[in-house]
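Contents: one structure, followed by commentary.
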Amino acid sequence: MSQEKRGWKDRFTSWSAFFTNKRTVKSARVTYSVVWNLLLLFLIIIVIGAGFAGGAGAGYFASLVKDEPVRSYDKMKKEIYNYEETSNLFFSDNVYLGKLRTDLYREEVELKDISQHLINAVIATEDEYFYEHDGVVPKAIMRALFQEVTNSANSSGGSTLTQQLIKNQILTNEVSFERKAKEILLALRLERFFEKEEILEAYLNVATFGRDASGNNIAGVQAAARGIFGVDVKDLTLPQAAFIAGLPQSPFGYTPFSSDQGKLKENLEPGLSRMKTVLERMHTGGFITEEEYNQASAYDITKDFLKEADSGNTIEEYPYLTMEIEKRAKDILAKILAEQAGYEPEDYDNDKDLRAEFNALADRNMRQSGYNIHTTINKEIYDRMQEVAKNFQLYGSNKTIQQRNPETGKMENVTLPVELGAILIENKTGKIISFVGGRDFKREQVNHATFAKRPNGSTMKPLLVYAPAMELGKLHPGSVLPDVEVYLNGPGKPWPNNYDRSYSGLTSARYALTRSYNVPAVVAYKNIVNQRPTTFLEKMGFTSLEKDDHTNLSASLGSIAGVTVEENVNAYGTFANGGKFIDAYMIDKITDKDGNVIFEHKSEPVDVFSPQTAYLTVDMMRDVITRGTATSLNNRLKFSSDWAGKTGTGHNYYDSWFVATNPNVSFGVWNGYDVNLSLERSYKGVSYGMRNIYLWADLMNAAYDVDPKLVDPDQRFEMPGGIVRRSYCSVSGLLPSKACSDAGLVQSDLFIAKYAPTKVDDSLSASRFVRVGDKRYFALDSTPGEFVETGGVTIDPSYMESLIGHKIKNPSQLVPGKEAWSNILVASSKLNENGRTPSPLKISASGKTIKWSSHGDNDVVGYRIYNNGKKVASIKSGSSLSYSAGNGSFHVTAVDIAGKESAPSNMVKIGEEKPKEKEAEKPKQENKPKAEDTPKPADGEKPPEETPDDPEDES
């Protein structure tokens, strides 16, 4: 044995002895026992910890999904296969309009009709384990959870196709652990109920794919294939399929089209790069060969993109109408859903958050349930009206203004055309037959007929002034109102003013409305405003009144926060309906896909005015058309029916209105700019008001051509009982007095019988008045006759002043400039006697002229001149305060309206000191004032000639 082998043997023997040594064996056993026990303890801790963590995790998961209801198979099937089928829209009489405007255009397709390339591309890209998992992939969920907790880049999602389907169709896109937990639970449940093919088909019909060539948002592979490439989904090539399959990860990042009418984006690289990623995953997954991969990757897909496409919805052809139907239908469905959820109508109306919630639900419901929405719009009339509005030549000039661009913040020049809003409503039903929302929807998406609010000018007068005042018994068509300079905004500038800045004097309410005078309307309104006449507006559907509108006198002229054309025209239908307001509507009925009625409109009339008030208002507005501000209508209409209407002009000519009603329909038109710019007073030789009336007539003629019986009924407005015709005095509106009859101022008109006047006019006085300065006052029985003037009839302005609320600055304005009023005078008011005898005057002489100043008492009506104690003349207060005297000793007294005479003034002597002067004055003594120059004090004698008024001597 070699020495080396011997060494190994010795070492082995030594090691064996060590391991077989009892002490060593004992130590090994102790060490083993300790290590094993430690390992066992560690394993127990891990198991317990895992159990605890699992239990805690399970508990947390359970807490997240505790409120999630257990969905049945039928319920899940309904929700999963609800592909948001867009509702159908109809004109009246079941005439098809088209599909509801939608933000997500979709076409349903079955799995068997989908290209296998696309199916493979979607699975390879979105869910490579689709055919293997049971709804979720735990590894992917843990990876996604880790990325979420660590905030690392999310290179791969954790959602399967099943989970994505749950998120799109049942849950929301909310990012939260609760939503994710519910998604997992429902995905597992869905996989138990449905086959893989069913889940895949549903996913391919609901996934979003960006925009199509018309700029519409699209969902579902069929809509994507047609909207991007113009082919059916079954005919997609491999590159096309790969491009579409790549879109769901970032639909609007990868889509080739912009929102600007579907124009191609300048940068298509993101979508093209994504397509190559899809092809790579298909190749890696074994769905395509190397050769197919290379060919498809090299293919120029951009040449397959559509250049243009049909929009697929009604927004292009009927933009204003489609949006209006959508808005109204959504509001109806929101209220129904809120009611079904247990909320009262008051809760919905008063809680904006609740309204927002149910409006969102209604919007989704409306686009998912495939409703049939039937409207009241007559297609032919609507189409014809749009054509008339497009071709009308008298709107006026465009105006250019500077506006701030909201995106850049810079001021830019903006050109604004004259806009219009018009609406036609059937009175008895409230059906909106037609409307014109504006001239160009692409320029301005505001519906000027149903949404834009503008002050309604003088079209407010029948609604807020004349009809309410008649209903309250404060006014009649024959009521007399002052059209004079007034100061209803306080001292300073006169307000209100008439549109022509002139005044017509005393006028009837009927004529004031016919000529659209502002002053009488505001005066009438002032006397009922404390009875809150705006409640009549609220009953007639005015929804935008602000707090100040209830108290401001300017509301009577239409200066309010604003009203839509629809609201304004709808209110006029109240007069045609005998005082009952019937709210206008456009949505007639909504049914589901099976024909079940979800909603059907029912009119609920509201009592606003009595039939008598309604008829009298109509009768007054007839005059507006026959002899008032709308007479130009008569030569423009193709037909003649019983129309009653009112024109209106906004402040600074910002708005022009004409609204009219007949027994069947009410129709109104507004013209103006989108901002406060004045309309041209004249354009092509036609005034702003006449241009609007011409447009009104052209639109109504178009409706007449389609349906003459609707807009031109045979019947006229019928006068109800309770109305009488009475004579009245055109000075006060009261029953005629003898003085009124003698003056030829008696007129007649219609009155509500219970409010007809019973008092006889007392505002006229036959030819007895006194003059103080340039004013006239009624004389008293005790007023000395020498100071009383007679002739014609005198009007007492005090009644009109009580209506106005202040003294009339120029009472002569009360007298209209008409021949019948030529002998009518105005007494400023009754001159009140102060009860004391006037104090003595102080007089002076200059040559032959005696002078004195006006007496300090306001009730002094004249002065007597005495020569040597004998009265030689009487001077009225309204005359020059001087007297051309002869020789003698003179004094003067003051006389008040009651006949009280002051003590004599100081004495002045004229012409007696120097005989020579007397000799010289003899001829003049012989030419002493004659009887006609110096009247005697006896009544009936002619008063002396008076010198011209001297302003400095006026009291």
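Every number here is computed from the coordinates shown, using simple stated rules; none is lab data. The model shown is predicted, which means the values in this text are computed figures rather than measured ones. So basically every Cβ, Gly included, is an ideal-geometry build from the backbone, and we count neighbours across all protein chains shown.
Couple of notes before you dig in:
- Computed from Cα atoms alone, the Kirkwood hydrodynamic radius reported for the range 369-519 is 20.1 Å.
- Both the radius of gyration and Dmax for the range 236-298 are 12.4, 39 Å, in that order, over alpha-carbon atoms.
- The order of the peptides 649-657, 457-465 by mean Cβ neighbours within 10 Å, most packed first, is 457-465, 649-657.
- Scaling the Cα radius of gyration of the range 486-634 by the globular reference 2.2 N^0.38 Å produces a ratio of 1.29.
- Enclosing the Cα atoms of the range 397-462 in their convex hull gives a volume equal to 130 cubic angstrom per residue.
- Just so you know, the averaged projected area of the alpha carbon convex hull for the range 541-608 sits at 6.3 nm².
- Note that the range 699-748 shows a convex hull volume over its alpha carbon atoms of 144 Å³ per residue.
- The ratio of the alpha-carbon radius of gyration of the range 716-790 to the globular-protein estimate 2.2 N^0.38 Å is 1.54.
- Cα extents of the range 614-727 along the three principal axes, largest first (Å): 47, 40, 23
- Computed over the range 161-298, the P(r) tail beyond 28 angstrom holds 25 percent of alpha carbon pairs.
- Using only Cα coordinates, the Kirkwood hydrodynamic radius of the range 246-359 works out to 18.7 Å.
- Overall form of the range 663-763 per C-alpha gyration tensor (a/c, 1.5; a/b vs b/c): oblate
- For the range 698-827, dividing the convex hull volume of the Cα atoms by the residue count gives 193 Å³ per residue.
- Pairs of lysines in the range 811-916 whose Cα atoms sit within less than 24 Å of one another amount to 27, provided the residues are eight or more positions apart or on different chains.
- Distance violations [Cα-Cα > 24 Å] among K461/K775; K196/K330; K335/K589; K461/K638: K461/K775; K196/K330; K461/K638
- Legend: residue pairs K453/K539; K738/K809; K754/K809; K234/K276, Cα-Cα distance threshold 25 Å; pairs beyond threshold, K738/K809; K754/K809.
- Length-normalised contact order for the range 724-830 - Cα pairs under 8 Å, 6+ apart - percent: 25
- Kirkwood hydrodynamic radius of the range 501-562, from inverse mean 1/r over distinct Cα pairs, in Å: 12.6
- D_trans [Stokes-Einstein, Kirkwood Rh over alpha-carbon pairs] for the range 425-711, 25 °C, 0.890 mPa s, µm² s⁻¹: 127
- Legend: P(r) of the range 344-440 from all alpha carbon pair distances, 5 Å bins from 0, whole percents, reading 2, 9, 11, 10, 10, 16, 16, 14, 10, 2, 0.
- Residues whose placed amide H lies under 5 Å from that of T849, excluding near-sequence neighbours: A885
- FRET E, pair K303, S682, Förster distance 60 Å, beta-carbon r, rounded to 0.05: 0.55
- For the range 174-253, the ratio of Cα radius of gyration to the globular rule of thumb 2.2 N^0.38 Å stands at 1.28.
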